[in-house]
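Enquirer: One structure coming up, written as structure tokens, with questions to follow.
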Amino acid sequence: MINFQLSINEVKSFILDFLFPKYCVNCNREISQTDSWVCLSCAQKIVPVVSQVCPACGRLTENGRYCPKCSKDKSLIGVMAAAYFDEGPIREMIHNFKYNGVLELGDRLAEMMVDSLNNELRSMNHGENKIHNSLFMLHDSILTFVPMHWQRKAKRGYNQAEVLARIIGQKLNIEVCELLTKPKKTKRQAELSGNSRRKNLQGTFILNADCCVKNREIIIVDDVVTTGSTLNECAAVLKKAGAKKIWGLVISRG
Ligand SMILES: [Zn+2]
Ligand SMILES: [Zn+2]
């Protein structure tokens, strides 16, 4: 005998599948309502970053810190990245999360960032690197994000870096603070190269008045890092205000 007893959720999912079919953001295959916008086969193609590199020159470094050559004038210690940009669905996931309002992807992306952060912290605090790294105390640190100009945020409806930071904060049970604002509108970084990127950002980030970062360890969240100018400009403001250690945490190196 056929069992007609379907759960309310199964009925709901069946109706939703019929009315609003959901497609994988990477391969366009139809997926079920319960899948988070990436099909199983594409999800398996995601390659997590195991060996972090210097954000400036790409040389292998411990935990993604700047190498001795590139660390000059940097306020950021380094950047930890979660997955490879060009492998599997990552590029499409970021694009849809950032520009097409598919906020549900944030959960999966944030989860990968949490895994990456945990991996790096484990090696920072317990591995061979312990000798030249003083311990990084995650639960005493502050999680923040690269701010967006209010007009741009209003247009998009959200700041993708903030969405990620808030999910990560929740998953790790650490404080998330909006430490910085961006009162001045700037040209899009993607349109500029090297030096002009740095100039474009000079003085654009401001510490929020009621934030105290003195002697704190801070992790700045962003979606993608390219040259690292944005994260470093943010870090410079925090360092000037007395922050002890500042790291960047991103989904990918673009
Ligand atoms: Zn797919
Ligand atoms: Zn380097």
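Bear in mind these aren't lab numbers, they're just calculated from the coordinates by the rules spelled out. Just so we're clear, the structure is a prediction, and the values are computed from it rather than from any experiment. Counting neighbours? That spans all protein chains shown, and the Cβs are built from the backbone with ideal geometry, glycine included.
Enquirer: Quick one: divide the alpha-carbon radius of gyration of the chain by 2.2 N^0.38 Å and tell me what you get.
Expert: Taking N as the residue count of the chain, the ratio is 1.10.
Enquirer: Another one. Just going by the charge dipole of region 45-253, with Lys and Arg at +1 and Asp and Glu at -1 on Cβ, which of G157, A81, I46 is farthest out on the positive end?
Expert: After comparing all options, I get G157.
Enquirer: To the nearest 0.05, how large is the calculated FRET efficiency for V50 and A241 if R₀ is 41 Å and r is the Cβ-Cβ distance?
Expert: 0.75
Enquirer: Of the candidates L60, L238, L109, which one comes out as most mobile in a Gaussian network treatment of the chain with C-alpha springs shorter than 10 Å?
Expert: In this elastic network of the chain, the residue with the biggest mean-square fluctuation among L60, L238, L109 is L60.
Enquirer: Let me ask something additional. What residues have an amide H closer than 5 Å to that of Y23, excluding those fewer than 5 places away on the same chain, when H is modeled at 1.01 Å from N in the peptide plane?
Expert: I31
Enquirer: I've got another one for you. Past 27 Å, Cα to Cα: identify those pairs from K171/K240; K72/K171; K171/K245; K185/K239; K45/K155; K45/K187, in the order given.
Expert: In this structure, K171/K240; K72/K171; K45/K155; K45/K187 exceed 27 Å between Cα atoms.
Enquirer: Once the Cα gyration tensor of region 1-42 is diagonalised, what are the square roots of 5 times its eigenvalues, in whole Å and ordered largest first, as equivalent ellipsoid semi-axes?
Expert: 24, 11, 8
Enquirer: Here's a follow-up. Most fluctuating residue of K171, K182, K72 in a GNM of the chain with Cα springs under 10 Å: which is it?
Expert: K72
Enquirer: Assuming R0 = 25 Å, what is the FRET efficiency of M137 and N208, from their Cβ-Cβ distance, to the nearest 0.05?
Expert: 0.65
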